[in-house]
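Read-outs throughout are calculated quantities, based only on the coordinates presented, and are distinct from any laboratory measurement. Quick caveat: nothing in here was measured; it's all calculated off a predicted structure. Counting neighbours? That spans all protein chains shown, and the Cβs are built from the backbone with ideal geometry, glycine included.
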Amino acid sequence: MAHELIKLPYAVDALEPHIDARTMEIHHDKHHAAYVTKLNAALDGQPALQGKALGELLADLASVPEAIRTAVRNNGGGVWNHNLFWETMGPKSGEPSAELNAAIEKAFGSLDDFRKKFTDAALNRFGSGWAWLDVHPDGSLCVCSSPNQDSPIMQGVSECVGVPILTLDVWEHAYYLNYQNRRPDYVAAWWNVVNWDRVSALYADAQKNA
Ligand code: MN3
């Protein structure tokens, strides 16, 4: 069972002017596709691992043979993280559900305070990586960032562990064409395309599965 490149849930130009079509095209069709290809190459000849769902595989990297562990961590993380990234954006931003909003207020004080904290995590991530909003097993929320393609679902690897419900790619490939070195402008624009309906649904799921 090979892993597949998911389709974008909207047109490549749907997030304009905040994220331009050319960036979306290259990011999805080239960068994300390459992670899928390299993940499948790493798992070649490993039927037991190929049969696992990606999230399950990444949650238990210790069970992956050492010879391919780094390739699975980097490329599997690259596949999983981008899947969530595409899914939690959209042309219609909306607002958090009442339940999610209450959890945000409890953890951060207000939606604005949450935005500041998440933005800081995205801006302070040195080099390439991701910012995250995670749900802990007790339903509480936390914000963190990770380097490279690491993810909070990677137990024993990531410093921040939890169920991610929102993520932001801060690799330069995510913004360089339109924003060049201006990561703060990219992050500010990205808030306009956060798909709060989807993030709220993921929060509800994370509660159910806790
Ligand atoms: Mn990326």
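Normalised by 2.2 N^0.38 Å, where N is the number of residues, the alpha-carbon radius of gyration of the stretch 21-87 equals 1.14. For the stretch 118-173, the extents of the C-alpha atoms along the principal axes are 34, 22, 15 Å, listed from largest to smallest. Taking a sphere under 13 Å around the Cβ of Ala131 and counting the other residues whose Cβ falls inside, with K and R at +1 and D and E at -1, yields a net charge of +1.
With the simple spin-label model, which puts each label point 7 Å out from Cα in the Cβ direction, the Gln207 to Ile6 separation comes to 2.2 nm.
Compute the signed sum of charges (Lys and Arg +1, Asp and Glu -1) over the other residues within less than 13 Å, Cβ to Cβ, of Ala204. Here the charged neighbours net out to -1.
Once the mean of 1/r is taken over each pair of separate Cα atoms and inverted, the chain shows a Kirkwood hydrodynamic radius of 17.5 Å. If only the Cβ of Lys and Arg carry +1 and only the Cβ of Asp and Glu carry -1, the dipole of the stretch 61-129 around its Cα centre is close to 240 debye. Convex hull of alpha carbon positions in the stretch 6-49: directionally averaged projected area 3.6 nm².
Amide H contacts under 5 Å for Leu166: Leu133, restricted to partners 5 or more places along the chain or on a different chain, H placed in the peptide plane at 1.01 Å from N. For the stretch 54-127 versus the stretch 1-28, the inter-centroid distance based on Cα atoms is 17 Å. Computed 3J(HN,Hα) for the stretch 138-149, one whole-Hz value per residue from the Karplus formula 6.51 cos²θ - 1.76 cosθ + 1.60 where θ = phi - 60°, is 7, x, 6, 10, 9, 10, 7, 9, 9, x, 6, 10, glycine and proline marked x. Here the stretch 15-63 is assigned +1 on the Cβ of each Lys and Arg and -1 on the Cβ of each Asp and Glu. Its dipole about the Cα centre then comes out at about 140 debye. A simple packing score, the average count of other Cβ atoms within 10 Å per residue, orders the peptides 103-115, 151-163 as 151-163, 103-115, with the highest score first. Each Lys or Arg adds one and each Asp or Glu subtracts one; over the other residues with Cβ under 10 Å from the Cβ of Asn74, this totals +2. Positive end of the dipole of the chain (Cβ unit charges, origin at the Cα centre): among Ser146, Ser97, Gly45, the Cα lying farthest that way belongs to Gly45. Fully extending the segment from Asp120 to Glu172 would add 17.1 nm, taking 0.36 nm per residue of separation and subtracting the current Cα-Cα distance.
Only helices enter this figure: runs of n ≥ 4 DSSP H residues, each worth -39500 (n - 2.57), summed and divided by the residues of the chain, yield -12000 deg cm²/dmol at 222 nm to the nearest 500.
Taking the chain as a whole, the Cys residues whose C-beta sits 4.7 Å or farther from every other Cys C-beta are Cys142.
Over the stretch 98-208, the alpha carbon radius of gyration divided by the compact-protein estimate 2.2 N^0.38 Å works out to 1.04.
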